[in-house]
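The values are calculated or read from the model by the stated rules, or taken from the named source; none is laboratory data. Not measured: the values here are computed from a predicted model. Heads up, the Cβs are rebuilt from the backbone with ideal geometry, glycines too, and the neighbour counts pull from every protein chain shown.
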Amino acid sequence: MSNQSGTSPSTIRVGRRYRANRLEGKYDAVVIGSGIGGLTAAACLSKMGKKVCVLEQHYTAGGFTHSYDRNGYEWDVGVHYIGEMGSKKSIGRKLFDHITDSKLQWAEMDQEFDRAYIGDQSYGLMSGKEAYRQAMVDAFPEEEQAIDQYLAYMRAVSAGVRSHTLDKVIPAWTKKTKDSLFARFMPSQQPPPFFNKTTREVLESLTGNQKLIALMTSQWGDCGMPPGESSFIIHSMIARHYINGGYYPIGGASQMALTIIPVIQQSGGEVFTYASVEKILSKNNTVTGVQMADGHIIDASTVISNAGVFNTFNHLLDEDTPQRREYVEQLKQVQPSMASICLYIGIQDTAENLRLPKTNFWIYPSEDYDTIVNDFKKEKTYTGEADFPMVYISFPSAKDPDFLNRYPGRATVEIVAPCLHEWFAEWQDEPWGKRGDKYEALKEQLAQRLLKSLYEKMPHLEGKIDYYELSTTLSTDFFCRYKQGEIYGLDHSPQRFEQEWLKPKTTIKGLYLTGQDILTCGVVGAMVGGMITAVQLGGFKGLSLAKTIFSRS
């Protein structure tokens, strides 16, 4: 069955529908956006005794961690896999346990958690530090020294990132004492000289083997930038994040919001959906609250924006706020990340019968990622002639051991590929589900291209598809308000990591930022962003939380 974009919205609705009369008294903080960064900030503050109101314009909470249900199938929209969940001592797992009261459970993927198809060759990324290393050495035995140096470089960057994050965590008034407070848990380390160079520049200093570099960077889709453009910081963080394998939330991605919201409610807070914020209000350089789409004003001396820096300063912040102009100027130093399309597929059979793996596929036409991406960006109108720089295939129903309890006899597949917003821009002012035959024809053409990639790797699935639908950048804008479909927020270039203003506390009293834009993309990156915003607001309770999460014990 082809895409039916006019079908009704998801039945998976998390959060309480907004009505002005459902607001309960004065809130200690208002959070704009219920993505994982906003939910994390709210849950951490709730644990500190703060009453927090989270406002989500979508019909369900979770941002890119939400799930949706249609035609008897369920898909996640962004939680394809997460690393670090196998160890309760990892930062990501400790933070998840903290904000869910340990209610969120995890299922491990196959040991070969990622498979990279590069040209006519394939390579497996294996879970476990030794297995990860050995698989690379087995594929490139003559490059063992370069591989070991590469792994050492990633460890050095990981240590440097801890100090980099600490500088965002610790309020200015405690900077002088941070060494004594944190020396035991996070000894200060100077970043290595290769810390913020481009990924390709660093790797080509280790080896000239382009196939090996392509394997090392085969997860570049996790940040949306090829190795010639991305900072080695983000490459190292992603590779280290998954080095011990991939995990998936049992019960699906919607379990994240479902297990976090009760923690927010513990201190009297709430998460509201259909709650569109139109403006952040201020007076005398100080935030005073937010104005809703229905005209209602919610008074608040603290407003936390998880809407992204472009939305916050270009669209939400009161134009009369003096500092707004300065921030709008700062936005010229960063760029939106690459956009994507996603094909959601349903099959009337089980993942086991269909032999769907708990392994993600990364498919590349060749190892020359940067050239392919540059050529691809020139295709301002989609013609179907240029190769997708990357195609990613995920099998969520195979990863979730609870899936068949909810959807007996069903299976799902998701296929993601980069795209350009320009392909769809002519329909951006048309209403969702009513964009016309030409738009639907373009989506069908793209869907068939992605299905071809699936059938090339899994030919036994051809003819078995029951339902599919394609999301575009317009879907991302409609549901998540990323105007150009930039699911990762900001580009993760070296220049982005030099922006000192990308931190929780703004120069406007009472206005804070959170989520992936102040740290890095990805679920755990956005979560840590949420946590450090809460730390900024939490005083000594916040410092105690930071010590707990960042300690190595």
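For Leu281, indicate whether it is out of contact with any Pro (no Cβ under 6 Å at 6 or more places or on another chain), in a strand (DSSP E or B), assigned by TED's automatic domain parsing to the domain that holds Val54 and crowded, with 17+ Cβ neighbours inside 10 Å. So Leu281 passes the test. Selection of first residues in the stretch 305-317 that are assigned by TED's automatic domain parsing to the domain that holds Met527 and more than 14 Å from Gly289 (Cα to Cα) and of second residues that are β-branched (Val, Ile, Thr) and surrounded by fewer than 22 Cβ atoms within 10 Å (Cβ to Cβ), restricted to Cβ pairs under 6 Å at least 6 apart or on distinct chains, gives the following pairs, ordered by first then second residue: Phe313/Val328.
The selection criterion, being over 18 Å from the mean Cα position of the chain (by Cα), modelled with pLDDT of 95 or more and under 24 Å from Gln484 (Cβ atoms), holds for Leu331.
Could you count how many residues in the stretch 261-319 are hydrophobic (A, V, I, L, M, F, W, C) and closer than 16 Å to Tyr512 by Cα?
Selection size over the stretch 261-319: 14.
Scanning the stretch 368-423 for residues being in a helix (DSSP H, G or I), surrounded by 21 or more Cβ atoms within 10 Å (Cβ to Cβ) and hydroxyl-bearing (Ser, Thr, Tyr) gives a total of 2. So, in the stretch 462-501, how many residues would count as being more than 22 Å from Leu331 (Cα to Cα), assigned to a loop (DSSP other than H, G, I, E, B) and of a type outside the set (Val, Ile, Thr)? Number of matching residues: 3.
When restricted to residues that are part of a helix (DSSP H, G or I) and either surrounded by 14 or more Cβ atoms within 10 Å (Cβ to Cβ) or among the hydroxyl-bearing types (Ser, Thr, Tyr) (or both), the stretch 427-443 contains 5. Kindly provide the set of residues from the stretch 318-328 that are without any contact (Cβ under 8 Å) to a residue 40 or more places away in the chain and either within 30 Å of Lys377 (Cα to Cα) or under 18 Å from the mean Cα position of the chain (by Cα) (or both), ordered by number. Selection gives Val328 alone.
Among the criteria (1) small (Gly, Ala, Ser); (2) at negative phi; (3) surrounded by 17 or more Cβ atoms within 10 Å (Cβ to Cβ), the one Ser301 does not fulfil is (3). Whenever a residue of the stretch 345-359 is buried (at least 17 other Cβ atoms within 10 Å of the Cβ), its partners that are of a type in the set (Phe, Trp, Tyr) and outside any loop (DSSP other than H, G, I, E, B), lying with C-beta atoms within less than 6 angstrom and at least six residues away or across chains, give the pairs Ile345/Tyr468; Gly346/Tyr73; Gly346/Tyr467. When Val161, Val169 are checked against the criterion of being within 26 Å of the chain's Cα centre (by Cα), at pLDDT below 95, closer than 21 Å to Gly83 by Cα and among the β-branched types (Val, Ile, Thr), a single residue qualifies: Val161.
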